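Novice: Let me begin by handing over the structure; questions about it come next.
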Amino acid sequence: MTDDLQYDNDNGISNPSDNRPFQDVLRANLARRQVLKGGLGLAAASFVAAPSLANAGFRHWPRRRGLINFTPVAVADGSGPMPSISPDYQYDVLIPWGDPLEPGGPAFSWPPNAADQAQQIGIGHDGMAFFPIDQSDCSPFDSKFRRGHWFRPGNYHGMLAINHEFGGNSHVLGKSSPESLEEVRTSQHAHGVSIVEIKKIHGQWRPLASKNARRIHVNTPVTFSGPVAGHPLLQTPAGNIPLGTVNNCSSGPTPWGTYLTCEENFNGYFGATNREQTWLPTEAHQRYGFSEGGFGYGWEKFDARFDLSNPDYKNEEHRFGWVVEIDPFDATQTPVKRTALGRFKHEGATSVIGKDGRVVVYMGDDERFDYIYKFVSADHYRDMLDRGQSPLDEGTLYVARFHEDGSGTWLPLTLDNPDLAGHFHDMAELLVHTRIAADLAGATPMDRPEWTTVAPNGDVYCTLTNNSRRTEADAANPLAPNPDGHIIRWHDSEEHTGTHFSWDIFLIAETTHGTEDSFSDPDGLYADPDGRLFIETDGGQKDGLNNQLLVADTHTGELRRLLTGVTGDEITGLTMTPDRRTLFVNTQHPGNGDPSLTNFPAPYDGVTIPRDCTIVITRKDGGIIGS
Ligand code: FEO
Ligand code: CA
Ligand code: CA
């Protein structure tokens, strides 16, 4: 059932630049690797800026009462067709793929038709954010909430914005390739974003009828703002209006209550039929990974927008690869692509309020040897909003360079950066080709940057999920190859807005194999206000495990497994209610769509189509999630 090509989102390497800024300062790679294998803590300390942060490489920390007190899921219990959760916790299932967006909508049937899918929850559940609705007239049906001192209406009622990253044709359509425009539309409607109003009623979360609920998919009208808006690079000869968002991976809420959804592997949905003319990839096409066959979705065969060889739709590919802002409380709002945040394979947009109230957004570009970025708004975000200006439309985009000595520099991607001089006519051209600008600036090629998260002390963590093709280690990417990934941590100057930082390696996944802490391929990431770090995985886990959710204590390095998913899935997406007593995560592509592997959320029967869904997690004693 699986279409392997479609599930390998990271085929190939599309960074051919020579950026190896560490090369002249690297230690001998072989020696480093030996040191790393011999003792990670020692190796990490040798290139860590702040010795107190020298926490790389997990060891078996003594178990003690502290931030994390739950009984972990044992390795022996972490496989099979159903999830396993810590005995101190319980889970429920919410909004599986194909359920109606609102009660009374079209019920799931497989395979769906295009019209129904546009009114149903999409597939490929990924990044999400819970926006509480603080209505005093919402009665708490759960008596624990009523009696508890942490009662607040917003803890059981809110808008859930959720990304639908991707669904392979076999899973969605029941065939490897679409055979009509109708089937392409079904696939397109399964992608995008859902905005769902959810409420806890009689102890169970469920969707409500809502004036704010909506589906945003590949054919939803969108608009552009920021430096690229209105530029010829976004115009097609056909003159078609901008439509849609695709491969919505990670995400993040803004301080002003909107949702940022991130377009990641957008290149894979384009292909070339070569009917109109023979498509020859440009340097920019190659840098962004466009190819004649794409990921095999076959949209280009019936929808000319996605045919790179159709001259009428030249530049359509420039309309994807952006961060898109969505108002979860206004279904009439047109989603806005915020071009100042750059065009690349966006993996997350983590906002934090920095010095002088400027908003800072951290972002990864998930490709082997690609980069970590941040955007800093031009002014205090409230002042900009008061002026009717988006804080995300004017500011500076930076890319990270990690130095060997534990320091780092944020390199501005601006026309007056001497390294970029003469390469771009204007900021719009630069931003459409952000990856090329970052190559020229001398950014550090990383091992697939995925999620970023900001801890309360200002430390920023970023997952580097793996890089099987790294042949030369450097300080920030210390394993070559790096099959299991690591997590890097930095601290910016000037309360996130400065151009300098210090950094260290928080952990290296390879060190955990064969232990009860075993995990690989860190991806989703969330730092809670107490110093816990929630880590979600996506990739082949070692020691027989399914993908998983773990909780780390950033003070001690202790690591415990809270949940394992089902065969063939990925655990991703993470948001909590304000009281942190309810956690929402997702199982994505359970069984890779193969019902012989899992039928989740249905019990195992070997027949029922497995469906991506949200898993709602609570502590049995009503406590803080992760404790
Ligand atoms: Fe969509 Fe890089 O994970
Ligand atoms: Ca991811
Ligand atoms: Ca991933």
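The values are calculated or read from the model by the stated rules, or taken from the named source; none is laboratory data. Quick caveat: nothing in here was measured; it's all calculated off a predicted structure. Virtual Cβ from ideal backbone geometry, glycine too; neighbours counted across all protein chains shown. Ligands, DNA and RNA are stripped out before the accessible areas are found, and what is left, the full protein with its side chains, is counted by its heavy atoms. Shrake-Rupley method; radii C 1.70, N 1.55, O 1.52, S 1.80 Å.
Novice: Would you mind finding the one in VAL324, VAL361, VAL376, VAL336 that is in contact (Cβ under 8 Å) with a residue 60 or more places away in the chain, β-branched (Val, Ile, Thr) and either in contact with a helix residue (DSSP H, G or I) (Cβ under 8 Å, 6 or more places away or on another chain) or open to solvent by 30 Å² or more (accessible area, probe 1.4 Å) (or both)?
Specialist: VAL361
Novice: For the range 89-131, which residues satisfy the criterion of being in contact with a Leu (Cβ under 9 Å, 6 or more places away or on another chain) and open to solvent by 40 Å² or more (accessible area, probe 1.4 Å)?
Specialist: If the condition is that a residue be in contact with a Leu (Cβ under 9 Å, 6 or more places away or on another chain) and open to solvent by 40 Å² or more (accessible area, probe 1.4 Å), then TYR91, GLU102, PRO103, PRO111, GLN119 are the ones that fit.
Novice: Quickly run through the range 341-360 and pick out the residues that are aliphatic (A, V, I, L, M) and either within 16 Å of ligand 3 (Cβ to nearest atom) or more than 15 Å from LEU385 (Cβ to Cβ) (or both).
Specialist: LEU341, ALA349, VAL352, VAL360, listed by residue number.
Novice: Evaluate the range 561-570: report whether one residue or more is of a type in the set (A, V, I, L, M, F, W, C) and either assigned to a loop (DSSP other than H, G, I, E, B) or at pLDDT below 95 (or both).
Specialist: Among the residues of the range 561-570, at least one is of a type in the set (A, V, I, L, M, F, W, C) and either assigned to a loop (DSSP other than H, G, I, E, B) or at pLDDT below 95 (or both), which makes the answer yes.
Novice: Right, something else. With the condition kept exactly as written, say whether any residue in the range 507-518 is touching a residue at least 24 places away in the same chain (Cβ under 8 Å), open to solvent by less than 10 Å² (accessible area, probe 1.4 Å), assigned to a strand (DSSP E or B) and not basic (Lys, Arg).
Specialist: Checked the range 507-518: at least one residue is touching a residue at least 24 places away in the same chain (Cβ under 8 Å), open to solvent by less than 10 Å² (accessible area, probe 1.4 Å), assigned to a strand (DSSP E or B) and not basic (Lys, Arg).
Novice: Can you pull out every residue in the range 569-593 that is more than 30 Å from ASN69 (Cβ to Cβ) and open to solvent by less than 30 Å² (accessible area, probe 1.4 Å)?
Specialist: Scanning the range 569-593 gives HIS589, GLY591, GLY593.
Novice: Which count do you get for residues in the range 447-472 that are open to solvent by less than 10 Å² (accessible area, probe 1.4 Å) and more than 21 Å from the chain's Cα centre (by Cα)?
Specialist: Selection size over the range 447-472: 1.
Here is a yes/no grid of residues against (1) over 23 Å from MET82 (Cβ atoms); (2) in contact with a Ser or Thr (Cβ under 6 Å, 6 or more places away or on another chain); (3) not hydroxyl-bearing (Ser, Thr, Tyr):
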site	(1), (2), (3)
ARG489	yes, no, yes
THR512	yes, yes, no
SER518	no, yes, no
ASP530	yes, no, yes
THR567	no, yes, no
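Novice: Oh, and also: What do you reckon, is VAL361 among the aliphatic types (A, V, I, L, M), modelled with pLDDT of 95 or more and under 22 Å from GLU495 (Cβ atoms)?
Specialist: Judged against the criteria, VAL361 is a match.
Novice: When you check ALA475 against the structure, is it more than 24 Å from the chain's Cα centre (by Cα) and open to solvent by less than 10 Å² (accessible area, probe 1.4 Å), yes or no?
Specialist: yes
Novice: Here are the criteria: (1) surrounded by 17 or more Cβ atoms within 10 Å (Cβ to Cβ); (2) closer than 27 Å to VAL376 by Cα; (3) under 23 Å from the mean Cα position of the chain (by Cα). Tell me which single one TYR297 does not satisfy.
Specialist: Going through (1) surrounded by 17 or more Cβ atoms within 10 Å (Cβ to Cβ); (2) closer than 27 Å to VAL376 by Cα; (3) under 23 Å from the mean Cα position of the chain (by Cα) one by one, TYR297 breaks only (2).
Novice: Can you tell me which residue within the range 528-543, out of those that are acidic (Asp, Glu) and touching an Asp or Glu at 6+ places or on another chain (Cβ under 6 Å), is nearest to ligand 3 (Cβ to nearest atom)?
Specialist: Result: ASP538.
Novice: A follow-up question, please. Test ASP528 against the stated conditions and say whether it is open to solvent by less than 10 Å² (accessible area, probe 1.4 Å), away from ligand 2 (no atom under 16 Å from the Cβ) and either in contact with a Cys (Cβ under 8 Å, 6 or more places away or on another chain) or farther than 30 Å from ALA76 by Cβ (or both).
Specialist: No: the conditions fail for ASP528.
Novice: Related question: Given the conditions (1) open to solvent by 10 Å² or more (accessible area, probe 1.4 Å); (2) away from ligand 2 (no atom under 16 Å from the Cβ); (3) out of contact with any helix residue (DSSP H, G or I) (no Cβ under 7 Å at 6 or more places or on another chain), which single one is not true for GLY244?
Specialist: For GLY244, the failing item is (1).
Novice: Mind checking which residues of the range 375-398 are more than 17 Å from ALA229 (Cα to Cα) and touching a Lys or Arg at 6+ places or on another chain (Cβ under 8 Å)?
Specialist: Residues satisfying the conditions are VAL376, SER377, ALA378, ASP379, HIS380, TYR381, TYR398.
Novice: Do we have THR463 as within 16 Å of ligand 1 (Cβ to nearest atom), more than 20 Å from VAL376 (Cα to Cα) and at pLDDT 95 or above here?
Specialist: Yes.
Novice: Name every residue in the range 109-148 that is modelled with pLDDT of 50 or more and among the acidic types (Asp, Glu), in order of residue number.
Specialist: Correct list: ASP116, ASP126, ASP134.
Novice: Among (1) touching a His at 6+ places or on another chain (Cβ under 7 Å); (2) open to solvent by 10 Å² or more (accessible area, probe 1.4 Å); (3) within 15 Å of ligand 3 (Cβ to nearest atom), there is one condition SER493 misses while meeting the rest; what is its number?
Specialist: Unmet condition: (3).
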